[in-house]
Every structure is written in C-alpha cells, then in structure tokens.
Amino acid sequence: MRVKLLIVLVVLLLVGVGADFAAARYFEGQAASALAERYNLDRPIVQVRDFPFLPRLASGRFNAIDLAASDARAKGVTAERVEVHLHDVSIPREVLLGGPGAVTVGRADGQVELSEAEVNRLLRSVLRGGRVRLASDGVRLDVATQLAGQTLQVSIAGEMSARNGRIAFTPTRVESTAGVPSALGTQLLSQFRLEVPLQRLPADIQVERVLTAPEALIVSGRAGAVRVAT
C-alpha cells in the first residue's frame with residue numbers, strides 16, 4: 001500500500017512539475033514578444049527565475065525575469081550581446097484573465113557587449129588614426145603622433161571607465177618600440193585622455209560601469225523603464 005501511495009505521489013509531482021514547466025515556457029514566449037517590441041530586439045530569449053512558476057503567476061508578481069539577445073542595434077550602436085534583468089515584475093489580475101492592462105517592472109538593469117571593432121568605430125573621431133586593443137588587463141591604444149617635431153609610433157596602456165554617462169580612456173603609461181624620452185612621456189599621456197558619449201545603447205542601458213575583456217568592452221548600468229500594455 002505504501003509503495004502504491006509513493007508511486008501516486010511521484011506521478012502527481014511529475015505532472016505538477018511538467019505543468020509548471022510548460023506554463024513557464026509559454027509565459028516566456030509571450031513575454032519575449034512584448035519585450036522585443038519594447039526594446040527593439042530581434043528574437044530575444046526570456047527566462048523566468050522564479051520557481052515554482054504557477055504560484056508566482058497566480059500572485060501576479062515575479063522577483064526576476066532575464067532577457068538576452070544577440071546583434072542588438074540602437075541608433076548607431078551595435079552590440080554583440082545584450083542582457084537585461086527585470087526585477088519586481090507586476091502583472092494585474094485583469095491581464096492574467098486575458099483582459100487589458102499593463103505589465104510593469106520595478107527596476108531593470110543590464111549590460112551590453114561591444115566588440116573591439118565596434119569600440120574602434122565609435123571612438124574613430126577622437127582616436128586620430130589610432131587603434132584600441134582590448135584585453136582583460138586593460139586597454140592599449142596604438143597611435144602615430146607628432147611630439148617635439150618627431151613622428152612617433154607608440155602604444156599607450158590605460159584603463160576604460162564610465163564617467164558621467166560617457167566612456168573614458170585614462171592613459172597610465174607609454175609602451176613604445178620606438179622609444180619615447182621619459183621627459184616627453186607625461187606630455188604624450190596628457191594628449192590621449194579621451195571621453196566619448198554613447199547616444200543610446202540597446203535596451204536603453206546607461207553607461208554606469210565598464211569592464212574590458214579580450215577583444216570586447218562590457219558596458220553595464222540601469223536599463224530603460226518597462227511598462228508593457230496588453
């Protein structure tokens with residue numbers, strides 16, 4: 001008798017888990033369509049982090065929903081990948097019952113990954129013919145510059161950071177195979193303190209933090225507000 005009861009309980013558990021999984025996948029598909037339109041993304045992937053899903057759906061509130069998409073574009077900026085994390089998601093009961101309403105999000109944050117080629121394109125106007133190389137330990141700026149009547153081919157090491165909604169490059173030292181006199185090093189570094197605004201990033205992500213990776217720049221911050229009418 002106990003064995004039969006155990007089998008029944010296992011079957012019910014599996015049925016419940018299956019129903020929960022199916023409901024979550026359906027909801028994620030519907031959410032992906034709405035968020036794709038809100039953020040102008042092509043075929044994003046949405047994942048609900050709350051488990052079990054059905055009790056959360058019944059309550060109309062979710063703690064976290066994640067969104068990811070590749071090759072995202074926004075007003076002249078192309079990102080290799082964009083991720084958005086939605087927190088405190090609220091779905092009115094009317095919407096759950098199929099009626100009109102609005103899904104709201106308490107806050108959203110995310111990050112975009114910009115390729116090295118895209119970073120060089122965005123910085124082209126201030127690089128003066130130079131080239132940025134991105135690595136996990138920082139940034140290298142290869143430039144040809146005039147200094148004290150000499151044309152020098154130099155590599156300048158530095159760091160990328162976020163400053164007042166801009167991407168900033170702060171040079172730290174000169175690395176040059178041509179050999180730069182130490183007396184000219186400080187003057188050379190001062191020429192390459194760069195700041196570039198990004199007009200708009202995919203998902204309206206703000207420039208608040210910057211991290212370098214091999215051949216990539218990761219920009220993260222708050223994402224655009226979300227209120228999806230249904």
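Structure notes:
- If you filter the range 207-220 down to residues that are buried (at least 18 other Cβ atoms within 10 Å of the Cβ) and touching a Gly at 6+ places or on another chain (Cβ under 8 Å), you find that the one that is nearest to N120 (Cα to Cα) is T212.
- Filtered by the rule that a residue be in a strand (DSSP E or B) and surrounded by fewer than 16 Cβ atoms within 10 Å (Cβ to Cβ), the range 67-79 gives S70, D71, R73.
- Residue among R124, R107, R133, R140 that is at pLDDT below 85, basic (K, R) and surrounded by fewer than 20 Cβ atoms within 10 Å (Cβ to Cβ): R124
- Options G138, G158, G129, G110; residue that is among the small types (G, A, S) and either within 17 Å of the chain's Cα centre (by Cα) or within 28 Å of Y39 (Cα to Cα) (or both): G110
- Flag: A102 matches the condition of being closer than 30 Å to L35 by Cβ, at pLDDT below 80 and among the small types (G, A, S).
- Condition check for V95 on (1) within 17 Å of the chain's Cα centre (by Cα); (2) at pLDDT below 90; (3) of a type outside the set (G, A, S): one failure, at (1).
The values are calculated or read from the model by the stated rules, or taken from the named source; none is laboratory data. Keep in mind it's a predicted model, so treat the numbers as computed, not measured. Here the Cβ is made from the backbone with ideal geometry for all residues, glycine too, and neighbour counts use every protein chain on show.
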